[in-house]
1. Using the Kirkwood radius built from alpha carbon pairs, what does the Stokes-Einstein equation give as D for region 150-233 at 10 °C and 1.306 mPa s, in µm² per second?
2. Give me the angle, in degrees from 0 to 90, between the Cα long axis of helix 122-134 and the longest principal axis of the Cα atoms of the chain, rounded to the nearest 10.
3. Where the only charges are on Cβ atoms (+1 Lys, Arg; -1 Asp, Glu), what is the dipole of region 1-136 about its Cα centre, to the nearest 20 debye?
4. Using a 1.4 angstrom probe, figure out how much accessible area the chain has per residue, in square angstrom, rounded to the nearest whole.
5. Hey, with R₀ at 22 Å, roughly what FRET efficiency would Asp214 and Lys73 work out to, going by the Cβ-Cβ distance, to 0.05?
6. Placing +1 on the Cβ of each Lys and Arg and -1 on the Cβ of each Asp and Glu in region 58-122, which of Leu83, Gly118, Val70 has its Cα farthest towards the positive end of the resulting dipole?
7. Please report, as a whole percent, how much of the solvent-accessible surface of the chain comes from carbon and sulfur atoms (probe radius 1.4 Å).
8. Report, in degrees rounded to the nearest 10, the 0 to 90 angle that the Cα long axis of helix 150-162 makes with the longest principal axis of the chain.
Amino acid sequence: MNEKLMIKCEELHKSFQITKKEEYKVLKGINLEIKEGDFIALMGPSGSGKSTLLNILGALIDYNSGDTVVNGKSLQGLNNNELTAIRRNEVGWIFQDFNLVTNLTAVENVQVPLNLAGKVGKKSKERAMELLKKVGLENWAGHFPDMLSGGQQQRVAIARALANDPPIFLADEPTGNLDTETGADIITLFKELTSEGKAILMVTHDVDLAQAADKVYVLRDGRLEQEVLKEEI
(Lines give C-alpha, C1' and ligand atoms only; values in the text may rest on other atoms or scores of the structure.)
Protein backbone atom coordinates (compact mmCIF):
# COMPACT_ATOMS: atom_id res chain seq x y z
CA MET A 1 0.00 0.00 0.00
CA ASN A 2 1.14 3.55 -0.75
CA GLU A 3 1.02 5.27 2.61
CA LYS A 4 3.74 7.92 2.47
CA LEU A 5 2.23 11.39 2.63
CA MET A 6 3.67 13.63 -0.09
CA ILE A 7 1.49 16.74 0.29
CA LYS A 8 -0.55 17.91 3.25
CA CYS A 9 -2.45 21.17 3.57
CA GLU A 10 -4.05 22.13 6.87
CA GLU A 11 -6.47 25.06 7.02
CA LEU A 12 -4.53 26.80 4.27
CA HIS A 13 -5.49 30.43 3.68
CA LYS A 14 -4.20 32.80 1.03
CA SER A 15 -5.20 36.39 0.34
CA PHE A 16 -3.92 39.05 -2.04
CA GLN A 17 -3.88 42.70 -1.00
CA ILE A 18 -5.88 44.79 -3.47
CA THR A 19 -5.67 48.14 -1.69
CA LYS A 20 -4.51 49.21 1.74
CA LYS A 21 -7.97 48.43 3.09
CA GLU A 22 -9.11 45.66 0.77
CA GLU A 23 -7.86 42.12 0.29
CA TYR A 24 -9.01 39.34 -1.98
CA LYS A 25 -9.37 36.00 -0.21
CA VAL A 26 -8.42 33.26 -2.66
CA LEU A 27 -8.02 30.14 -0.51
CA LYS A 28 -10.26 29.83 2.52
CA GLY A 29 -9.15 26.92 4.65
CA ILE A 30 -7.87 24.19 2.31
CA ASN A 31 -7.36 20.71 3.73
CA LEU A 32 -5.76 18.22 1.37
CA GLU A 33 -3.68 15.05 1.59
CA ILE A 34 -1.90 13.42 -1.36
CA LYS A 35 -0.01 10.19 -0.87
CA GLU A 36 2.75 8.47 -2.78
CA GLY A 37 1.35 6.96 -5.97
CA ASP A 38 -1.79 9.15 -5.97
CA PHE A 39 -3.08 10.66 -9.21
CA ILE A 40 -5.37 13.52 -8.18
CA ALA A 41 -7.41 15.74 -10.48
CA LEU A 42 -8.40 19.23 -9.38
CA MET A 43 -11.28 20.98 -11.12
CA GLY A 44 -13.11 24.24 -10.63
CA PRO A 45 -14.17 27.41 -12.45
CA SER A 46 -11.71 30.11 -13.43
CA GLY A 47 -10.77 32.27 -10.47
CA SER A 48 -11.49 29.58 -7.90
CA GLY A 49 -7.87 29.45 -6.72
CA LYS A 50 -6.53 26.36 -8.54
CA SER A 51 -3.37 28.00 -9.85
CA THR A 52 -2.80 29.76 -6.53
CA LEU A 53 -2.94 26.41 -4.74
CA LEU A 54 -0.48 24.86 -7.21
CA ASN A 55 1.90 27.79 -6.80
CA ILE A 56 1.84 27.40 -3.02
CA LEU A 57 2.45 23.64 -3.23
CA GLY A 58 5.30 24.28 -5.63
CA ALA A 59 6.90 26.75 -3.19
CA LEU A 60 6.52 29.62 -5.65
CA ILE A 61 4.38 31.85 -3.43
CA ASP A 62 3.76 32.00 0.31
CA TYR A 63 0.51 31.72 2.22
CA ASN A 64 -1.12 33.68 5.02
CA SER A 65 -2.01 31.01 7.56
CA GLY A 66 -2.38 27.29 8.04
CA ASP A 67 0.38 25.02 6.86
CA THR A 68 1.64 23.20 3.78
CA VAL A 69 3.93 20.17 4.06
CA VAL A 70 5.74 18.88 0.98
CA ASN A 71 7.40 15.47 1.30
CA GLY A 72 7.63 15.86 5.05
CA LYS A 73 8.91 19.45 4.97
CA SER A 74 6.76 22.32 6.17
CA LEU A 75 7.04 25.35 3.89
CA GLN A 76 6.30 27.68 6.78
CA GLY A 77 9.19 29.99 7.56
CA LEU A 78 11.65 28.56 5.02
CA ASN A 79 14.29 30.93 3.66
CA ASN A 80 14.91 31.49 -0.06
CA ASN A 81 17.62 28.82 -0.30
CA GLU A 82 15.41 26.24 1.39
CA LEU A 83 12.47 27.09 -0.88
CA THR A 84 14.74 26.82 -3.92
CA ALA A 85 15.77 23.34 -2.78
CA ILE A 86 12.09 22.36 -2.52
CA ARG A 87 11.43 23.63 -6.04
CA ARG A 88 14.51 21.88 -7.43
CA ASN A 89 14.32 18.52 -5.67
CA GLU A 90 10.75 17.86 -4.55
CA VAL A 91 8.47 19.19 -7.28
CA GLY A 92 8.31 18.75 -11.05
CA TRP A 93 6.12 21.19 -13.02
CA ILE A 94 4.24 20.38 -16.21
CA PHE A 95 2.52 23.31 -17.95
CA GLN A 96 -0.11 23.75 -20.64
CA ASP A 97 2.27 25.77 -22.83
CA PHE A 98 5.22 23.35 -22.37
CA ASN A 99 7.62 26.27 -21.58
CA LEU A 100 10.51 24.77 -23.51
CA VAL A 101 13.49 26.96 -24.39
CA THR A 102 13.10 27.51 -28.11
CA ASN A 103 16.80 27.72 -28.99
CA LEU A 104 17.70 24.50 -27.14
CA THR A 105 17.27 21.00 -28.49
CA ALA A 106 15.07 18.45 -26.74
CA VAL A 107 18.00 16.90 -24.90
CA GLU A 108 19.36 20.33 -23.94
CA ASN A 109 15.94 21.33 -22.56
CA VAL A 110 15.93 18.24 -20.36
CA GLN A 111 19.44 19.08 -19.18
CA VAL A 112 18.44 22.54 -17.92
CA PRO A 113 17.25 21.48 -14.42
CA LEU A 114 20.16 19.06 -14.16
CA ASN A 115 22.62 21.88 -14.87
CA LEU A 116 20.87 24.13 -12.36
CA ALA A 117 21.35 21.38 -9.79
CA GLY A 118 25.08 21.30 -10.54
CA LYS A 119 24.98 18.21 -12.77
CA VAL A 120 26.86 18.97 -15.97
CA GLY A 121 28.83 17.27 -18.71
CA LYS A 122 28.54 13.69 -19.91
CA LYS A 123 26.48 12.43 -16.97
CA SER A 124 23.96 15.22 -17.47
CA LYS A 125 23.49 14.31 -21.12
CA GLU A 126 23.26 10.60 -20.34
CA ARG A 127 20.53 11.27 -17.78
CA ALA A 128 18.65 13.49 -20.24
CA MET A 129 18.84 10.82 -22.96
CA GLU A 130 17.62 8.20 -20.50
CA LEU A 131 14.57 10.36 -19.74
CA LEU A 132 13.83 11.07 -23.40
CA LYS A 133 13.89 7.33 -23.97
CA LYS A 134 11.45 6.92 -21.09
CA VAL A 135 8.96 9.21 -22.83
CA GLY A 136 9.61 7.66 -26.24
CA LEU A 137 11.60 10.51 -27.78
CA GLU A 138 15.20 9.32 -27.81
CA ASN A 139 15.25 9.64 -31.62
CA TRP A 140 14.18 13.28 -31.38
CA ALA A 141 16.88 14.39 -28.95
CA GLY A 142 18.55 16.77 -31.40
CA HIS A 143 15.34 18.46 -32.55
CA PHE A 144 14.35 21.96 -31.52
CA PRO A 145 10.86 22.58 -30.06
CA ASP A 146 9.46 24.07 -33.28
CA MET A 147 10.36 20.81 -35.05
CA LEU A 148 8.21 18.79 -32.63
CA SER A 149 4.45 18.28 -32.40
CA GLY A 150 2.55 19.54 -29.37
CA GLY A 151 2.45 16.06 -27.89
CA GLN A 152 6.17 15.60 -28.42
CA GLN A 153 6.89 18.96 -26.79
CA GLN A 154 4.81 17.95 -23.78
CA ARG A 155 6.75 14.68 -23.54
CA VAL A 156 9.99 16.66 -23.54
CA ALA A 157 8.53 18.86 -20.81
CA ILE A 158 7.65 15.76 -18.78
CA ALA A 159 11.16 14.40 -19.25
CA ARG A 160 12.52 17.76 -18.05
CA ALA A 161 10.24 17.63 -15.01
CA LEU A 162 11.63 14.16 -14.23
CA ALA A 163 15.25 15.30 -14.48
CA ASN A 164 16.02 15.57 -10.77
CA ASP A 165 13.69 12.68 -9.89
CA PRO A 166 11.17 14.67 -7.82
CA PRO A 167 8.54 12.65 -5.94
CA ILE A 168 5.73 15.14 -6.74
CA PHE A 169 4.40 16.50 -10.03
CA LEU A 170 2.14 19.53 -10.40
CA ALA A 171 0.45 19.62 -13.80
CA ASP A 172 -1.43 22.78 -14.80
CA GLU A 173 -3.79 21.97 -17.69
CA PRO A 174 -1.12 19.67 -19.20
CA THR A 175 -3.34 18.57 -22.10
CA GLY A 176 -5.00 21.92 -22.78
CA ASN A 177 -3.10 22.48 -26.04
CA LEU A 178 -3.28 18.87 -27.24
CA ASP A 179 -5.80 16.92 -29.25
CA THR A 180 -7.88 14.28 -27.48
CA GLU A 181 -5.79 11.28 -28.53
CA THR A 182 -2.48 12.92 -27.63
CA GLY A 183 -3.92 14.10 -24.32
CA ALA A 184 -4.92 10.53 -23.53
CA ASP A 185 -1.34 9.43 -24.24
CA ILE A 186 -0.05 11.96 -21.72
CA ILE A 187 -2.51 10.65 -19.11
CA THR A 188 -1.23 7.11 -19.78
CA LEU A 189 2.28 8.39 -19.11
CA PHE A 190 1.08 9.99 -15.87
CA LYS A 191 -0.38 6.66 -14.78
CA GLU A 192 2.97 4.99 -15.44
CA LEU A 193 4.65 7.57 -13.21
CA THR A 194 2.20 7.03 -10.36
CA SER A 195 2.73 3.27 -10.66
CA GLU A 196 6.37 4.05 -9.89
CA GLY A 197 5.31 5.91 -6.73
CA LYS A 198 5.19 9.48 -8.02
CA ALA A 199 2.35 11.70 -6.76
CA ILE A 200 0.56 13.85 -9.34
CA LEU A 201 -1.84 16.74 -8.82
CA MET A 202 -3.38 17.76 -12.15
CA VAL A 203 -5.51 20.83 -12.74
CA THR A 204 -7.90 20.28 -15.63
CA HIS A 205 -11.21 21.48 -17.05
CA ASP A 206 -11.63 18.26 -19.03
CA VAL A 207 -14.09 15.93 -17.31
CA ASP A 208 -12.96 12.90 -19.32
CA LEU A 209 -9.35 13.43 -18.27
CA ALA A 210 -10.36 14.02 -14.67
CA GLN A 211 -12.13 10.68 -14.65
CA ALA A 212 -8.80 9.00 -15.45
CA ALA A 213 -7.46 10.14 -12.07
CA ASP A 214 -7.74 8.15 -8.85
CA LYS A 215 -9.60 10.96 -7.09
CA VAL A 216 -11.26 14.18 -8.19
CA TYR A 217 -11.66 17.32 -6.10
CA VAL A 218 -13.45 20.55 -6.94
CA LEU A 219 -12.30 24.00 -5.82
CA ARG A 220 -15.01 26.65 -5.72
CA ASP A 221 -14.79 30.10 -4.19
CA GLY A 222 -11.56 29.23 -2.47
CA ARG A 223 -12.88 26.10 -0.78
CA LEU A 224 -12.01 22.51 -1.60
CA GLU A 225 -15.22 20.57 -1.77
CA GLN A 226 -15.65 17.05 -0.53
CA GLU A 227 -14.21 14.48 -2.89
CA VAL A 228 -16.44 14.09 -5.91
CA LEU A 229 -17.33 10.60 -7.04
CA LYS A 230 -16.23 10.39 -10.64
CA GLU A 231 -19.58 9.13 -11.87
CA GLU A 232 -21.18 12.26 -10.41
CA ILE A 233 -19.08 14.76 -12.36
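The values are calculated or read from the model by the stated rules, or taken from the named source; none is laboratory data. Keep in mind that what you see is a predicted model, and the values were worked out from it rather than measured. Note that we place each Cβ from the backbone using ideal geometry, even for glycine, and neighbour counts take in every protein chain shown. The protein model used for the area step is the full one, side chains on, heavy atoms only, and it has no ligands, DNA or RNA in it. Shrake-Rupley method; radii C 1.70, N 1.55, O 1.52, S 1.80 Å.
1. 116 µm²/s
2. Taking the Cα atoms of the chain, the angle to 122-134 is about 70 degrees.
3. 400 debye
4. Per residue, the chain has an accessible area of 50 Å².
5. Calculated value: 0.40.
6. Toward the positive end, the furthest listed residue is Gly118.
7. Whole-percent figure for carbon plus sulfur exposure: 47.
8. 80 degrees
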